[in-house]
Amino acid sequence: MDRRIDRGQATRRHLIEVSTQLFAERGYDGTSIEAVLEATGVSRGSLYHHFASKERLFEAVVEGVHTQVGESTLEAAAAVGDADPRTLLRAGYLAWVRLAGEPVVRRILLIDAPTVLGWRRWREMEEQYGLGMLKDVLRTAADAGQLDHDLIDAFAHMLLATGNELALLIALADDVPAAQASAEAAFDEFVRRLLPPP
């Protein structure tokens with residue numbers, strides 16, 4: 001029984017891993033179930049055992065990419081070794097801005113996910129993966145006297161929206177490096193004005 005569960009989990013991971021590359025390269029519409037079956041070597045029955053539809057498979061892929069992005073932004077914030085909220089926000093957002101130009105993040109999270117999953121579900125996922133981290137940083141800023149405690153929730157939503165808009169700007173840009181540079185500069189200025197030194 002345990003071996004069968006392990007095999008099932010391995011198959012699910014394999015499907016998500018291979019499908020992530022297919023969706024990034026071909027987009028949601030350009031990736032058929034047949035292409036997934038061919039690339040993974042998994043049977044149709046096995047695929048549908050794990051995912052009821054292509055949309056459910058794509059949703060699992062989106063969740064996986066969100067998890068990777070969250071881990072990367074946390075690592076970037078932790079790497080600065082500074083408890084200053086402005087430094088932490090800047091490090092996390094610069095990581096996000098850089099990730100937004102990567103093909104997997106760009107195509108799956110920013111271009112296809114809002115359309116395929118619908119805006120409401122996409123927004124729920126954005127909040128699930130990013131909002132808590134933003135609130136933690138803003139709570140630190142409020143404790144340091146840089147922000148009113150009553151504004152933490154509203155500002156967290158504003159920062160989430162700002163980050164998403166900057167990422168979309170990058171994802172849809174013809175010149176991704178130039179869009180990234182502009183987004184970094186704009187966010188630096190935005191955070192400097194939002195959180196003045198205590």
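No value in this document is a laboratory result; all are computed from the given coordinates. From a predicted model like this one, the values you see are computed outputs, not experimental measurements. A quick note on method: Cβ atoms are made from the backbone with ideal geometry, for glycine too, and the neighbour counts reach across all protein chains shown.
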Name the residue, out of Leu109, Leu138, that is of a type outside the set (Phe, Trp, Tyr), crowded, with 19+ Cβ neighbours inside 10 Å and more than 15 Å from Glu63 (Cβ to Cβ). Leu138
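Answer with yes or no whether Glu34 is of a type outside the set (Gly, Ala, Ser) and exposed (fewer than 13 other Cβ atoms within 10 Å of the Cβ). Even if it seems obvious, please write down each step before you answer.
On the way: of a type outside the set (Gly, Ala, Ser): yes; exposed (fewer than 13 other Cβ atoms within 10 Å of the Cβ): yes.
Here the answer is yes, as Glu34 does meet what is asked.
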Checked Pro196, Pro177 against criteria (touching a residue at least 40 places away in the same chain (Cβ under 8 Å), farther than 21 Å from Glu63 by Cα and in a helix (DSSP H, G or I)); the one match is Pro177
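Being acidic (Asp, Glu), in contact (Cβ under 8 Å) with a residue 24 or more places away in the chain and in a helix (DSSP H, G or I) is the requirement here; does Glu25 meet it? Before you say what the answer is, go through the steps one by one.
Values: acidic (Asp, Glu): yes; in contact (Cβ under 8 Å) with a residue 24 or more places away in the chain: yes; in a helix (DSSP H, G or I): yes.
Answer is yes for this residue.
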Identity of the residue in segment 66-101, surrounded by 18 or more Cβ atoms within 10 Å (Cβ to Cβ) and of a type in the set (D, E, K, R), that ends up nearest to Ser19 (Cα to Cα): Arg90
Check Arg90, Arg106, Arg123, Arg98 and return the single one that is part of a helix (DSSP H, G or I), out of contact with any Lys or Arg (no Cβ under 8 Å at 6 or more places or on another chain) and either at positive phi or without any contact (Cβ under 8 Å) to a residue 24 or more places away in the chain (or both). Arg123
